[in-house]
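Peer 1: Structure below; questions to follow.
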Amino acid sequence: MKRKLVVSLLLLAFTGLVAVPAFAATDPVSDAKAWFEQKFSAKKAWVDQAVKDGRLTPEQGQAMKEHFDQMYEFHEQNGFVCPNGGPGMGRGMGNGMGRHGGFGAGFGRWGGQAPAAPNTAPGA
């Protein structure tokens, strides 16, 4: 009797652990849409601040905002899906074995091929 009770409680706990995330799952398209809206509104806010600070001309700011609108429309027409997968890090060129040590298998800006930099260390 005690064994059946323990098994039943474990089964109930496992069911709860599996069922709760299933009911809490959200729509990936609406998540992606919210991510893109947040991304483009942040970019537009940055452009507004750059124009206000004089780092961009008003014409440059308007051109950038028009580009952001075009990119938003593109993603809207394509279901808010990134061409190479979802939002996040993409794979770069190389194997991550550039001049400097680091982690990654081709991840990063230079794809493992760091640009040449002069050695400015004292005594070099």
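The values are calculated or read from the model by the stated rules, or taken from the named source; none is laboratory data. Model, not experiment: these values are computed from the prediction. Neighbour counts are summed over all protein chains in view; Cβ atoms, including those assigned to glycine, are modelled from backbone coordinates with ideal geometry. The area values use the complete protein model at the heavy-atom level, side chains included, leaving out ligands, DNA and RNA. Shrake-Rupley method; radii C 1.70, N 1.55, O 1.52, S 1.80 Å.
Peer 1: If Gly92 meets every condition in (1) within 18 Å of the chain's Cα centre (by Cα); (2) closer than 29 Å to Asp27 by Cβ; (3) modelled with pLDDT under 90 apart from one, which number is that one?
Peer 2: Single failed check for Gly92: (2).
Peer 1: Quick check on the range 47-67. Is at least one of its residues in a helix (DSSP H, G or I), under 18 Å from the mean Cα position of the chain (by Cα) and either closer than 19 Å to Val81 by Cβ or not hydroxyl-bearing (Ser, Thr, Tyr) (or both)?
Peer 2: In the first step, residues of the range 47-67 are kept if they are in a helix (DSSP H, G or I); the result is 47-53, 58-67.
Now restrict to residues that are under 18 Å from the mean Cα position of the chain (by Cα): none.
So far as the range 47-67 goes, no, none of its residues is in a helix (DSSP H, G or I), under 18 Å from the mean Cα position of the chain (by Cα) and either closer than 19 Å to Val81 by Cβ or not hydroxyl-bearing (Ser, Thr, Tyr) (or both).
Peer 1: Any chance you could count how many residues in the range 28-59 are of a type in the set (Ser, Thr, Tyr) and either over 30 Å from Gly79 (Cα atoms) or open to solvent by 80 Å² or more (accessible area, probe 1.4 Å) (or both)? If you could, list the steps in order and put the result at the bottom.
Peer 2: Of the residues in the range 28-59, the ones of a type in the set (Ser, Thr, Tyr) are 30, 41, 57.
In the following step, the residues that additionally are either over 30 Å from Gly79 (Cα atoms) or open to solvent by 80 Å² or more (accessible area, probe 1.4 Å) (or both) were identified as 57.
Of the residues in that region, 1 qualify.
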